[in-house]
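Quick notes on the structure that follows.
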């Protein structure tokens, strides 16, 4: 049973006529790690806001466990708890005196007692490797990377079934980015939570996601594993998102005459494909 | 909320009004607004309305922008009218329960609604046709005599410009923060005004921190660009009166006796 | 152009629980020289001092010990500040927080205006700068209509309007998407190549370092690596120890080299990779 389903949703803002989203249909199942890519202005953030009910589609439905979230009597707060949305630069929201208080904020708003909220907060902090002495520190004292993890923990504390993140690695440099992405994947592996994340890094999308959604001008053009989607290199470039560097290199080699039926999309995959092409790995330096 | 705020919005167009020196427009707006409070007869407000509509026409501002400014205060106008018309002392024309419509009340109501509306229309026209920078420059130039008394006019003008530049930015940021807090279960719609007030800290504190950070960044950037507080700054577009301004000043001078006469005339007729 | 000698910068940190402030050293004796016209990139983990370092280059911060000379001028001297800031323009990370004008034109005019230039000259400078960065069509546009990349280009135009010999940029692309990043980088390279402007770019994107003339790496307040991108990326172990990674294509070439294939060290661009690959493939004679 799908947790979330977008059923032909379209959306335009009240002041304008042009649709931001057009007839988008896809679903999220438990434990999936889904990527969402698209050039700036393609409607990604708008789509994310539909998943937790911040926005209502002008046409079509959002289904949560099969229930139409638009029907009269549906409690949006239930959706907010179960679909946790983390915006870009989430550390800008931190405002409580201690990390524990801030992370408990979500559960408290949703009606948990302070003990329940604190317990949920501790769990979430542990999941983000911020347990123990971080609890009583002021959020503003943490490093940038730690603040981001704390902000994500704040959403995890609500125990969502789906974690939706808008460019979780925005502004992070090389290794910090890799650490965060690995962390998110481990989170999915250990807890079975479904994750949907927006990223501008084709490398990250190829490496970490099971499935890739590609948005362009409000329309969903692809919904398939990244290994499949990135074969269409020209299309990806025309849309404005491109392909991973290794895919592009392999494509160039193929154009120069090498026999590469399937373009690699991940680094390890590329290394073994290229090694095979060059006549198998010769060991000994 | 923020989208209906027309005071402070600039509407780019190539009109004679846009090209006027901001001092002329500032003076005109002030003159107009003051006149609204000196007019005694309600019919004269019709003349004022006609004049301001002519001005909008000359400024090439489309009608819907005019109405947009009124939409924001529509509720205020309705309530003002009702309270004044139905709750003022005087001979009752019509009653229903505690509501007493009086002639005197009606007059007062019309006067108040007319004053407020015309004031908003005039102020909106000013901001539609004058960029914040021009306004700041205009006030600075007009008040430049104060510099001799140590008033930091240049800095004040800069503060005004920067504030206006950041209004849309902060507006967007506040909305983004509301979304983020909503995603954590805060419901800004529920609980009425008291509930909303209780939830204000969740919005105000991070917004305040962000504003402080922006200010620090901005100060650093300005310093890096050579601002030092004691600059003898020049302007890309220094303000100079043109022939259009002279004409318009004549029109303003003509307005004073015109409005006065019209007021006397209508008073005599009613 | 830029000569930094034994630069030390400390600050007092007040512990949150109260008590005596602790003296922390952010820059611990940094020395470097950047010649005219070079495109230098500064890398380093957060907290390593790179932002502090570049803020000394236009006198925003004053050194506790050591000297910073910009074209012979002492950036620490009060009297020289105006000329130093004429010489060195600076662009920061957050696009919005450096734009003051209500229109593109107004913002670009700020630098020349505070310098008291005549209006005609200001107009000329703005025309030139906006043309160079590609914003001539958006002269009258409000900055919040610009994209992130557009805003950074505006910031660069504003700095360029003061005719600096050097541009220092502190992570200007950190908040931009890859397309905008490319826009800004090609603009910077164009300014460097065509106008001879020295560029000092602080970044955490390895691809940007790969295109530089020179790369400096900071760690804990010191410069620990200083050389060409080729020298830098040839030692991935050292980079990993500094919590820096390598561009994807470089990593692939490294992995293949470890398996015995004769890729040069390091491979910095896709083009280089493809050329070397084809040569190796031909030598093997297999895949073609």
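Over all pairs of different C-alpha atoms in the range B:217-270, the reciprocal of the mean inverse distance, the Kirkwood hydrodynamic radius, equals 16.0 Å. Each peptide in B:85-98, A:247-260 was scored by the mean count of other Cβ atoms within 10 Å over its residues; highest first, the order is A:247-260, B:85-98. Per residue, chain B reaches -24000 deg cm²/dmol at 222 nm when only DSSP H runs of four or more residues are counted, each adding -39500 (n - 2.57).
In chain C, the calculated helix contribution to ellipticity at 222 nm averages -11500 deg cm²/dmol per residue, counting -39,500 (n - 2.57) for every DSSP H run with n ≥ 4. One equal scatterer on each Cα of the range B:153-224, no solvent, Debye formula: the resulting log10 I(q)/I(0) at q = 0.22, 0.23 Å⁻¹ is -0.99, -1.04. Expressed as a whole percent, the proportion of Cα-Cα pairs in the range B:1-123 lying more than 23 Å apart is 41%. Among beta bridges identified by DSSP and lying wholly in chain A, the antiparallel ones come to about 50 percent.
The share of C-alpha pairs in the range C:116-242 whose separation exceeds 21 Å stands at 47 percent. Pairs of alpha-carbon atoms within less than 8 angstrom and 6+ residues apart define the contacts here; what relative contact order does the range C:247-288 have, in percent? Once normalised by length, the contact order is 34 percent. Solvent-free Debye calculation, one equal scatterer per alpha-carbon of the protein assembly as shown: log10 I(q)/I(0) at 0.05, 0.08, 0.09 Å⁻¹ equals -0.35, -0.87, -1.07. The distance separating the Cα centre of the range C:70-135 from that of the range C:150-194 comes to 13 Å. Model label points for residue C:119 and residue A:115, set 7 angstrom from Cα along the Cα-to-Cβ axis, are 7.5 nm apart.
Applying 1/(1 + (r/R0)^6) with R0 = 41 Å to the Cβ-Cβ distance of residue A:74 and residue A:141 gives a FRET efficiency near 0.50.
Note on residue C:144 and residue B:169: their simple-model spin labels are 1.0 nm apart, each label 7 Å out from Cα toward Cβ. Please work out the Cα center distance from the range B:86-150 to the range A:27-93, rounded to the nearest Å. So the separation of the two Cα centres works out to 45 Å. Of all DSSP-defined beta bridges confined to the protein assembly as shown, some 55% are antiparallel rather than parallel. At q = 0.09 Å⁻¹, what is the log10 ratio I(q)/I(0) for the range B:133-270, with the Debye formula run over Cα points and no solvent? Debye intensities relative to I(0), on a log10 scale: -0.58. Ranked by the mean number of other Cβ atoms within 10 Å of their residues, highest first, the peptides A:28-39, B:226-237 fall in the order A:28-39, B:226-237. Give me D for the range C:2-229 in µm² s⁻¹, whole number, from Stokes-Einstein with Rh from the Kirkwood sum over alpha-carbon pairs, 20 °C and 1.002 mPa s. The diffusion coefficient I find is 118 µm²/s. Compactness ratio for the range A:1-101: Cα radius of gyration over 2.2 N^0.38 Å (N = residue count) comes to 1.18.
Pair-distance distribution of the range C:1-83: all C-alpha pairs, bin width 10 Å, starting at 0; shares per bin in whole percent are 16, 45, 27, 9, 2. Multiplying the residue separation of residue B:65 and residue B:240 by 0.36 nm and removing their Cα-Cα distance gives an extension gain of 60.1 nm. Against chain C, whose longest principal axis is taken from its Cα atoms, helix C:178-195 shows a tilt of about 70°. The Cα-based radius of gyration of the range A:244-285, divided by its Kirkwood radius, gives an Rg/Rh of 0.99. Measuring between their Cα centroids, the range A:144-175 and the range A:218-278 lie 29 Å from each other. Averaged over the residues of B:172-179, the number of partner chain Cβ atoms lying within 10 Å of the residue Cβ comes to 3. Using the average count of surrounding beta-carbon atoms within 10 Å as a protection proxy, the listed peptides C:182-191, B:212-221, A:203-212 rank, highest first, as A:203-212, C:182-191, B:212-221. All alpha carbon pair distances within the range A:4-243 were sorted into 10 Å bins beginning at 0; the resulting P(r) in whole percents reads 8, 31, 35, 20, 5, 0.
Measuring r between the beta carbons of residue C:163 and residue B:82 and using R0 = 60 Å, the FRET efficiency lands at 0.40.
Taking chain C as a Gaussian network of alpha-carbon nodes connected by springs under 10 Å, the highest mean-square fluctuation of the residues C:167, C:23, C:135 belongs to C:23. For the peptide A:42-49, the mean number of other protein chain Cβ atoms found within 10 angstrom of a residue's Cβ is 1. Restricting the calculation to Cα atoms, every distinct pair contributes to the Kirkwood radius of the range C:247-288, found to be 10.3 Å. Explain nothing, just the number: relative contact order of chain C, from Cα pairs under 8 Å at least 6 residues apart, as a whole percent. Once divided by the residue count of chain C, the mean separation gives 21 percent. Legend: mean number of C-beta atoms from other chains within 10 angstrom of residue C-beta atoms, peptide A:190-203, equals 1. Note on residue C:272/residue C:128: beta-carbon distance plugged into 1/(1 + (r/R0)^6) with R0 of 41 Å gives a FRET efficiency of 0.70. Residues of the range A:181-198 with the amide nitrogen closer than 16 Å to a label point 7 Å from the Cα of residue C:243, along Cα-to-Cβ, please. Only A:181-183 pass the distance filter.
Spin-label model, residue A:234/residue B:38: points 7 Å from Cα along the beta carbon direction are separated by 7.6 nm. If I take every Cα pair under 8 Å that is 6 or more residues apart in chain A, average their sequence separation and divide by the length, what percent do I get for the relative contact order? Value for chain A: 22 percent.
Any read-out appearing in this document is the output of simple, stated calculations on the displayed coordinates, not a laboratory observation. Computed from a prediction, not measured in an experiment: that's the story for all the values here. Cβ: placed from backbone, ideal geometry, glycine included. Neighbour counts: every protein chain shown.
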